[in-house]
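To start, the structure under review is shown below, and the notes come after it.
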């Protein structure tokens, strides 16, 4: 059962099976942005700009000749986080869904396996566009699960999603309309 709580313009997933400090599963955050879905999609699907929104991703690059967000396109993301921002890592990934103005998703790899799928869903509302950022963990190595507990990775990911959505909202609502 999924319940939601709302504070200001943010909606938080409070379902029983969401991630807990003890086990990463899935989680989501949503915000209504007063901008067209096309503009928001162009921001979230521009992976080389992900570092502009995300507090964890520093930069991303397309790989294997890819130059944009199409299903199957491969990329590498470079991240920094954890206590005092001391942890740095890079993950390869693949775009799994690229439907302009509706949905963008990618899966990141760990040890040659897809481990976490990140998704942005865009839904029109009377006030603009509801953007939901979510993740689903299908697999992460044991060492990562062990590190997740003392670093409170769940909290870090929730705060990161909120920050990312707030940055997207700020930019999308102040950007000039596309020509």
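The figures follow:
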| item | result |
| --- | --- |
| Some residue of the range 120-140 being modelled with pLDDT of 85 or more, assigned to a helix (DSSP H, G or I) and within 18 Å of residue 69 (Cα to Cα) | no |
| Strands (runs of 3 or more DSSP E) wholly inside the range 54-101 containing at least 1 residues that are in contact (Cβ under 8 Å) with a residue 60 or more places away in the chain and buried (at least 16 other Cβ atoms within 10 Å of the Cβ) | 74-81 |
| Criterion (within 22 Å of residue 123 (Cα to Cα), at pLDDT 95 or above and over 13 Å from the mean Cα position of the chain (by Cα)) met by exactly one of 36, 48 | 36 |
| Every residue from the range 24-53 that is in contact with a helix residue (DSSP H, G or I) (Cβ under 8 Å, 6 or more places away or on another chain), in a loop (DSSP other than H, G, I, E, B) and under 27 Å from residue 88 (Cα atoms) | 24 |
| Identity of the residue in the range 148-179, assigned to a helix (DSSP H, G or I) and at pLDDT below 70, that ends up farthest from the chain's Cα centre (by Cα) | 150 |
| Selection count where residues are out of contact with any helix residue (DSSP H, G or I) (no Cβ under 6 Å at 6 or more places or on another chain) and part of a strand (DSSP E or B), scope the range 102-113 | 8 |
| Residue in the range 79-87 that is touching a helix residue (DSSP H, G or I) at 6+ places or on another chain (Cβ under 7 Å) and over 15 Å from residue 51 (Cα atoms) present | yes |
| Any hit, the range 8-17, residues being touching a helix residue (DSSP H, G or I) at 6+ places or on another chain (Cβ under 7 Å) and either closer than 21 Å to residue 138 by Cβ or modelled with pLDDT under 80 (or both) | yes |
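The values are calculated or read from the model by the stated rules, or taken from the named source; none is laboratory data. Keep in mind that this is a model prediction, so the values were computed, not measured. No Cβ is skipped: glycine too gets one built from the backbone with ideal geometry, and neighbour counts run over all protein chains shown.
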